[in-house]
Amino acid sequence: MVIFEKASESAVTKAIVSQFSRDMEDFANMDVIIIGGGPSGLMAARDLALKGVKVLVVERNNYLGGGFWIGGFLMNTITVRAPAQKVLDELDIKYNAFSKSLYCTPGPLACSKLIAAACEAGVKMLNMAQFDDLVMREKNRVVGVVINWTPVSALPRQITCVDPVAFESKLVIDATGHDAMVVRKLEERGLIKVPGFGAMWVEQSEDAVVEHSGLCHPGLIVIGMAVSTTFGLPRMGPTFGAMLLSGRKGAQVALQELKKKSK
Amino acid sequence: MPSKSSRRNLSEACNSLRIVCESPANLATLKDAVAQLEELTDPMPIVVLKGIPKLKGDIDEIAGSFVTLRLANANKRDERAIDSFAIREFERRVIEGSSRARGVPYEGVGLMKLYHRLLLGSSSSVIVTDRLVMTWSDDDLRYHARVAVFGFPSVISMSGLVEAPARPKEYYLAKQAIDPKGRGISEASLAEEFSGRFLESDDERTPTVLKGYLLQCLFYANTLEPFCKKKDCMLYNAHWQEEMLHAQVESGKLCRKHAVILKKIILEGSNPVLF
């Protein structure tokens with residue numbers, strides 16, 4: 001007596017290829033592409049998908065969640081300051097109060113719930129794929145991204161003549177953390193000046209990141225820690241409320257921009 | 001500087017006080033402060049306006065004007081921040097009220113002139129902003145954060161209430177001892193140790209302190225002199241947080257001389273000195 005039904009090796013391969021092929025066709029034209037699958041990117045993606053927006057998250061690692069698995073210094077307790085615990089409530093993530101304004105939750109719980117919430121909302125994910133460049137049109141408007149498989153960048157140059165592919169989208173969101181990879185690509189072309197992030201100042205940086213999250217170039221929104229780099233704000237410390245609220249703010253700005261485009 | 005005619009235009013309603021609240025997020029605190037102020041200035045009407053009324057000009061041009069006032073370096077005169085699409089977009093959101101410019105440093109006199117242009121004809125004598133207002137000092141050749149810049153209109157900075165007057169000396173010494181680079185998480189633990197000795201963001205004393213600065217603006221609009229030398233008077237020009245809290249919270253009163261002038265401002269309405 002066997003447990004599983006029959007499926008040949010070739011059938012499994014065909015299933016993987018045909019499903020992934022259909023997904024890739026979808027990815028070629030999205031409403032919003034988010035580069036970076038950390039907490040801010042996932043939060044923005046989830047909020048947008050819940051509003052019926054076609055969203056793709058491109059993540060260079062195999063795993064989604066970025067630094068949200070680990071709280072800081074390799075200790076997997078996540079902290080958020082009020083009022084970000086309301087987002088934890090919304091995502092049904094259990095937490096305990098460390099003080100009247102600071103809350104703790106296990107990283108694996110918070111991160112897995114956020115990933116699940118994004119997936120369940122309908123967000124498409126492409127992991128092990130790395131942002132390579134931008135697609136631009138008239139007046140340097142960002143209209144998509146060029147990506148390649150992450151392993152390609154890890155191989156010796158002589159054997160990596162692997163051309164990337166491009167996806168088009170109405171908006172791109174940079175959620176790549178302090179690297180601000182997408183914004184930096186604009187800087188390489190002299191289209192934006194990036195002051196880089198300042199020293200850590202948790203109390204100031206969280207508010208500032210949320211307030212500055214938004215459109216930073218035509219077609220490009222910046223959220224999360226990339227905001228610190230783009231605007232020269234104090235760097236983020238090991239607390240995550242701003243990542244969640246910055247993602248939410250980015251989604252709000254994206255919705256406004258999409259609305260403008262549809263008029 | 002504002003012309004005499006436009007200055008008269010902005011301050012002609014000295015028997016009333018019109019206050020513009022630039023960020024909707026400060027409205028509740030400002031209304032609390034005004035309620036306290038009205039106890040001192042009754043029956044003088046005080047009007048609070050939400051946002052800059054009838055914004056004159058193109059919003060992108062105005063956003064650009066704010067960008068040119070952002071300071072990049074507190075130690076170099078007139079070194080301005082980067083002008084980019086991202087910063088302009090942020091400024092546009094601040095004007096629209098969907099983002100706040102808390103702690104962002106701006107050149108104070110230029111900011112006051114810009115508000116003068118934007119508020120011309122609105123008879124508003126005070127604007128309350130989130131922006132951190134800085135003015136250059138020739139004494140030590142650097143910019144200093146200010147709670148208020150007096151003019152037509154006078155500008156009160158909500159960030160300045162927290163950032164401008166210095167915290168106790170011991171606070172800075174302790175901070176230096178814990179973290180030689182003066183940064184990082186130690187800030188929070190120090191805030192706890194020195195709790196109550198300086199104003200913090202969302203401090204419940206903020207409306208009471210703000211009331212005192214509104215009063216200073218009212219005096220400036222009517223007498224061109226916002227300050228008093230007496231430490232117990234709400235018009236005291238505090239350079240330390242503890243001085244500010246003493247004048248505005250512990251004392252919470254005007255000295256005898258300024259109490260008399262205030263009565264005159266309220267009853268006679270028009271400016272007793274200039275007009």
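Read-outs throughout are calculated quantities, based only on the coordinates presented, and are distinct from any laboratory measurement. Predicted model only: the values in this text are computed from it and were never measured. Reconstructed Cβ throughout: ideal geometry from the backbone, glycine too, with neighbour counts over all protein chains shown.
So here's what we get for this one:
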quantity	calculated
Filter result for B:Tyr143 (in contact with a strand residue (DSSP E or B) (Cβ under 7 Å, 6 or more places away or on another chain) and either in contact (Cβ under 8 Å) with a residue 60 or more places away in the chain or among the hydroxyl-bearing types (Ser, Thr, Tyr) (or both))	yes
Qualifying positions in segment B:119-131 - under 28 Å from A:Ser213 (Cα atoms) and surrounded by fewer than 23 Cβ atoms within 10 Å (Cβ to Cβ)	B:Asp130
Check on B:Ile87, more than 20 Å from the chain's Cα centre (by Cα), within 14 Å of chain A (Cβ to nearest Cβ) and of a type in the set (A, V, I, L, M)	yes
Residue check for B:Glu61: of a type in the set (D, E, K, R), under 18 Å from the mean Cα position of the chain (by Cα), over 22 Å from B:Lys211 (Cα atoms) and away from chain A (no Cβ under 14 Å)	no
Output for segment B:130-158, where each listed residue is in contact with a Ser or Thr (Cβ under 8 Å, 6 or more places away or on another chain) and not in a strand (DSSP E or B)	B:Asp130, B:Arg131, B:Val147, B:Phe152, B:Pro153, B:Met158
Residue match in segment B:114-125 (condition: over 11 Å from the mean Cα position of the chain (by Cα), under 25 Å from A:Leu233 (Cβ atoms) and in a helix (DSSP H, G or I))	yes
Subset of segment B:214-226 [part of a loop (DSSP other than H, G, I, E, B) and in contact with a helix residue (DSSP H, G or I) (Cβ under 7 Å, 6 or more places away or on another chain)]	B:Glu225, B:Pro226
Exclusive hit being hydrophobic (A, V, I, L, M, F, W, C), surrounded by fewer than 24 Cβ atoms within 10 Å (Cβ to Cβ) and over 12 Å from A:Asp174 (Cα atoms), set A:Leu48, A:Leu74	A:Leu74
Residue in segment A:95-140 that is farthest from B:Ser189 (Cα to Cα), counting only those that are assigned to a loop (DSSP other than H, G, I, E, B) and free of Cβ contacts under 8 Å to residues at least 24 places away in the same chain	A:Arg137
